[in-house]
Amino acid sequence: MNNKSKLFLLLILPLLGACTLPSRQSGNTAMAGDSVPLLHAKGFTIIEQGDTRLLRIQHAGNNAHGYDEFKLVPASEGTSGGNGAIPVPCKRIICLSSTQLAYFFALDEIEPIVGINSSRHLFHSGMNARIKAGSIKKVGKEGVYNTELIASLNPDVIFVSPFKTGGYDALKNLGFPLVPMAAYEEETPLGRAEWMKMIALFVGQEQKADQLFQGIAQRYDSLKNLAASASKHPTIFSGKMKSGNWYVPGGNSFYAHYFRDAGARYIIEDDKTAAYPMSFEALYQKAAHCDFWRILLPEEKGFDKAALLTEDARYGDFDAFKNDRVIVCRIREKPYYEESAIKPEVILADYIHHFHPELLPGYHPYFYETLK
C-alpha cells in the first residue's frame, strides 16, 4: 500500500465508528446585524444581533420566492418569547421527519426531543430507549397528526416540511412556532450537512456544529480530490420503476454531485435539481450500457438480483445488471435516512470504493453494497 492510500485510509476509518413570524419577501430591508458566513448551504441565513439571532429560511420549490423569519432570543434572559420570539436553547422539540433527527444525533442532543412522527425503521438506540420509556411520543404522520397530543406536549418549536402540506394548517392553529426544515432542497451533499448549523441554534450548540461541519467538509474535499486522480470515469444511473415511471434525479441534484465528486459520470446531464419521471424506454436508451446502477432498496431483507427481476424482467437487459454492478442501500438495514445527511463523506467513500476500489484499499462500505 502506498503512502497516499494510507493517508486516505486514516481519514476514512474513524468515520465508521462513529410561533412563526410573518412571511417576508426577499428584498425587504434587513434588520441591522452581521450575517453568519455559510460555506455551502443556500436555504437559510443567520443574522447576529448581539445575543439575538435572526433566522431566515428560504421558501421551498424551484419557483419559490421569499422566506420565513424567526427571532431567536436567549432563554437565560428570562424572556417568555413574546412578539413571536423563540427562547433558545429549546427544552421541548417535536420533529416531524426522520431526516431532521440526523442533525440532533450529530450534535448529541436528543434529550430536548419530546415528539416524533414515527419510530418505524428507527435505528438510534438512545431514541428507541426514550420512546420505550415514554419520554418521546409518536404524534402521527403527515396529514393525520394527533393535534391533541401535540398540544399536550407544549413544544417550544416544531420542525415541519418546507412545503407546509399534510396538516400544516391544523398545526399552525395550535399556535406553536413551526420551523421549515428544507435541507433536502440543497443541491450539494455539503449543503445538506451544513444545516446542522441551523439546528444548532435551537439547542445551543453553534460552536460544536461549526467544528463538526469543518471536519466533514475537510474529509469530503480530501476524498473528492482523491477521486479526481482516477484515470477512468465510469457511467452511472439511478433509481427504478415506480407506478409506471422511472423517477430520475436531475443532473444538478445532490445525487449527481455525489456521482461526479466520486469520479463517475452521471448519464442525466441537464441542470434540474429535482427528480422527474421518464418512461422505461427513454431511460433505457440512455442507461443500457452504463457501468453502474444505484438503488435505494426499501424491500425486506433478502431482496436480491432475482427478486429485482420479478419486479420488471427488463432490468436484466442493463449492462450494469449483467456485470454485477448494481449498488444498493438497504434502508431497512442501514440508518440511511437518519444519518446520510450528516455523513456525506461516508457516502462519498462508499461510491469511490465501488467506482475506483484501487483508491481506497481495505475500505469497507457503510451504506452501499453490491446486489448479489
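Take each peptide in 293-305, 331-343, count the other Cβ atoms within 10 Å of every residue, and average; sorted highest first, the result is 331-343, 293-305.
Only helices enter the 222 nm calculation for the chain: every DSSP H run of n ≥ 4 contributes -39,500 (n - 2.57), and dividing by all residues gives -9000 deg cm²/dmol, rounded to 500. Global dimensions of the chain from alpha-carbon coordinates: Rg and Dmax equal 21.7, 66 Å. Three principal axis extents of the stretch 164-291 based on alpha-carbon atoms, in descending order, are 53, 39, 19 Å.
Kindly rank 157-169, 128-140 from highest to lowest mean number of other beta carbons found within 10 Å of each residue.
Details: 157-169: 18.7, 128-140: 14.9.
Ranked from most to least packed, the peptides come out as 157-169, 128-140.
Based on C-alpha pairs under 8 angstrom that are at least 6 apart in sequence, the stretch 247-289 has a relative contact order of 47 percent. Solvent exposure of the chain amounts to 46 Å² per residue of accessible area, where only protein heavy atoms count and the probe is 1.4 Å. Pop out the carbon and sulfur fraction of the accessible area of the stretch 253-372 as a percent, whole number, probe 1.4 Å. Carbon and sulfur: 50 percent of the exposed surface of the stretch 253-372. Computed with a 1.4 Å probe on the full set of protein chains, the accessible area for K242 sits at about 140 Å².
Per-residue counts of other Cβ atoms within 10 Å, averaged by peptide: what ranking do you get for 209-215, 185-191, 353-359, highest first?
Values: 209-215: 16.3, 185-191: 21.6, 353-359: 17.9.
So the peptides 209-215, 185-191, 353-359, ranked by packing, come out 185-191, 353-359, 209-215.
The largest-to-smallest principal axis extents of the Cα set in the stretch 266-372 are 36, 36, 29 Å.
The values are calculated or read from the model by the stated rules, or taken from the named source; none is laboratory data. From a predicted model like this one, the values you see are computed outputs, not experimental measurements. Reconstructed Cβ throughout: ideal geometry from the backbone, glycine too, with neighbour counts over all protein chains shown. We work out accessible area using only protein heavy atoms, side chains counted, and drop any ligands, DNA or RNA first. Shrake-Rupley method; radii C 1.70, N 1.55, O 1.52, S 1.80 Å.
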